[in-house]
Amino acid sequence: MDCRHPRWAAAGFCFLVFVISVGRVFAQSALTAPSDLQVIDTPNDGGESLTVLWAPGPSDNPDARYEVLFGAASATDPAALKAIAEFPANTRYVKDAKTAWWTRKAEGTWHQYVIRNGKGVEMKNGTAYTVTVAMRKGEGRAVGPLLQATPSPNWFNWNQFNNLILALGFGGLVFYTISHAKRNNIFLRRIPGLDAVDEAIGRATELGKPILYLTGAHDMGDPSTIAAAVILGRVAKRTAAYETELMVPHREPITMAVCQEITKQAYLEAGKPDLFKEDSNFFITSDQFSYTAAVDGIMLRKKPAANFFMGSYFAESLLLTETGASTGAIQIAGTDSDHQLPFFVTTCDYTLIGEELYAASAYLSKEPIQIGTLRGQDIGKAVILSVILIGTVLATVGVATGGSWPQLFLDFFKDLK
Amino acid sequence: MIFLRRQLPLLITMITGLLFAGQYYVPHPSSELLLTSATKWLQIIGGFALVLGITSLFHQHAVKIRRQEAGWGYSLVLYAGMLVTLAAGALAKGKESLDGAMTGFGWVYSFMLVPLQGTMFAILAFFIASAAYRSFRARSREAAVLLVAAVIVMMGRVPLGEYLIPLSGDVSQWILNVLNASVRRAILIGVSLGAIALSFKIIFGVERSYLGGGKE
């Protein structure tokens, strides 16, 4: 064949154009629309949301893209719909969604896209909308069937069902251990920080100096502040018995009012109501560093013999405890703020770490009803440790054997959150 | 009276405690509305409680000034500062700037309060140094472990340290990601269980000492 001849060259060019055209037509016909498309109201939510589900297709690769089209219920033509999302065809699977496995509406290998309000989408509960999904690859586009769905709110979030079961189970366990503790003696390990409470109050009494008690940075809505207020009651009872001055500066007025009542009752129970001073609990300010400066000033001027730091703390923890340490006071801290624990451990004589703050009330009162709660917490911890251990073993076995069966158990544990 | 002082608060605590524990599981907008309304109520109660707080503050410092206790001059400064700020706030209608110009209230905030807060925070650096010095004297085995771990982490977290001891970066990451993270998680598990148990005790009236009053 002599290609230099113009006739042969023209024929070759025509053949090339033919091959490319046929190839493109073939490629377009190979593009398939999303199959088994479903549009449903998003389950377990507050409404104003729809979920689109469709089966994996043969063209699910990074070159192809899915397009989610959304519009009013009256739309019958895909051209009237608005493209609200576009993503590679090998992404957005049901298994990637942050929902528990028992609430999934399709297999994990299916595609899922959740349409929510915002970014050009405005949905109202009770109004129907038209949704479809198109597959795009190059110039080709295959649109799925147009489906309608109506968003509506739900009354229960089944994703959190395991959470509810666990909470109820743990609550039941706590009440069982309380009733058990009423009938039996339960061993309580020593907590040096709480044993030192009497020592600290005794020292303050001997020196004739006051005791400073702080309830932390949070308000009464926080369990750590409630725990701090409960411990204050026990400490106040002993300061009343020893006739030692108690100072409780506050950052929050409601906490101050509650602590005033607790202190008053403690003095009544100790048989020393005449020693109670209304202004032993006083408000300083809600501002973090202004409060810190004021309490540091109190420490330096009044030189309390014992400082108690209970509750939650932030950056002020070291400023408070280091000043207290410089005055030579015996310092006892108790906090659930794990980020501040190193500072307390470094600068205080005794530190109640995390849960010990919540155990303090039981430890100081020695009431069976309180001690029973601690047994419940210990059993709860044993359950969590067992779950962690079993999960670790199963994950290791799954990787070592390549088997898929451990994944079933791991999914179960993974969704226990 | 005992009903108003004991039973009624316990009843309110139980009902609201159960209601808002249940609210966590209900995604319906009316549930969200309930939470939002309760939050607003709390803000309003907090506003009224602030009056209690300020009354306490004024009373505390008035007594100090009257008795001329140690540091009573600071109480005078507090009174002066509070009154000047209140006056500046009232004049500026509580705004830090009006028509682009800084008000007296804004000036107090920007050039007095913020620098003072910054100063207090800056002191932290010196306090960390002194606390670290006392802790790292390696008097006990635990303190020695703390010292070694701290030196490795410090070296690994600054470019110069990692340049001098190249291995410190990886070792410090391991200390933070494995040792530190696992201990923190263990503490958090204990804290969470403790907080849940305390919440149960409060909701069902087992723990009542936060109300003041006896055990009846």
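In debye, nearest 20, what is the charge dipole magnitude of the protein assembly as shown about its Cα centre with +1 on Lys and Arg Cβ and -1 on Asp and Glu Cβ, if you could check?
Around 420 debye, computed over the protein assembly as shown.
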Any lysines whose Cα falls less than 27 Å from that of residue A:366, other than same-chain ones fewer than 8 residues away, would be A:182, A:237, A:264, A:272, A:381, B:201, B:215
With a cut-off of 8 Å between alpha carbons and a minimum separation of six or more residues, what is the relative contact order of chain B in percent? 16
Peptide B:198-205, shielding by other chains (average Cβ, 10 Å cutoff): 6
Indicate the gyration tensor shape class of the range A:366-416 (rounded, prolate or oblate), computed on the Cα atoms with a ≥ b ≥ c the square roots of the eigenvalues: a/c under 1.5 is rounded; otherwise a/b larger than b/c is prolate and the rest oblate. prolate
Could I have the simple spin-label model distance between residue A:163 and residue A:183, label points 7 Å from Cα toward Cβ, reported in nm to one decimal? 3.5
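Would you mind ranking B:45, A:231, B:196 so that the residue whose beta carbon has the fewest other beta carbons within 10 Å leads the list?
Details: B:45 12, A:231 28, B:196 20.
Final ranking by Cβ density, sparse to dense: B:45, B:196, A:231.
Whats the longest run of chain A with zero GluC sites (Glu not before Pro) that are DSSP loop and have at most 14 other Cβ atoms within 10 Å? Numbers along the way, then the final one.
Numbers: sites that count: A:107, A:122, A:139, A:243.
In short, A:244-417.
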Cβ-based net charge around residue B:105, under 12 Å, with every Lys or Arg adding one and every Asp or Glu removing one: +1
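Kindly identify the range A:121-202 as rounded, prolate or oblate by the Cα gyration tensor criterion: order the square roots of the eigenvalues as a ≥ b ≥ c, call it rounded if a/c is under 1.5, otherwise compare a/b with b/c, prolate if a/b is larger, else oblate.
prolate
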For the pair residue B:20 and residue A:90, what calculated FRET efficiency results from E = 1/(1 + (r/R0)^6), where r is the Cβ-Cβ distance and R0 = 41 Å, to the nearest 0.05? 0.45
For chain A, what is the relative contact order in percent, using Cα pairs closer than 8 Å and at least 6 residues apart in sequence? 14
For the protein assembly as shown: rounded, prolate or oblate by the Cα gyration tensor [a/c cutoff 1.5]: prolate
Length added when fully stretched, residue A:152-residue A:77, from 0.36 nm per residue minus Cα-Cα: 24.5 nm
Span-like helix ranges in chain A, DSSP H, alpha carbon extent 27 angstrom or more, Kyte mean at least -1.0: A:6-30, A:161-183, A:223-242, A:368-401
Could you name the lysines whose alpha carbon sits less than 18 Å from that of residue A:95, not counting residues in the same chain fewer than 8 places away? A:105, A:414, A:417
Assuming R0 = 56 Å, what is the FRET efficiency of residue A:125 and residue B:93, from their Cβ-Cβ distance, to the nearest 0.05? 0.85
Taking neighbour counts of Cβ atoms within 10 Å as a proxy for exposure, in what order, fewest first, do B:203, A:379, A:115, B:15 appear? B:15, A:379, B:203, A:115
Using only Cα atoms, locate the centre of the range A:325-353 and the centre of the range B:1-76, then give the distance between them in Å, rounded to an integer. 28
Sorted by Cβ density within 10 Å, fewest first, the residues A:258, B:158, A:114, A:230: B:158, A:114, A:258, A:230
The long-range amide H neighbours of residue A:352, using H built 1.01 Å from N in the peptide plane and a cut-off of under 5 Å, are A:333, A:334, A:335
Beta bridges by DSSP in the protein assembly as shown, antiparallel share as percent, to the nearest 5: 65
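None of the figures in this text is laboratory data; all of them are computed from the coordinates on show. Computed from a prediction, not measured in an experiment: that's the story for all the values here. As a convention, Cβ positions derive from the backbone with ideal geometry for all residues, glycine included, and neighbour counts pool all protein chains shown.
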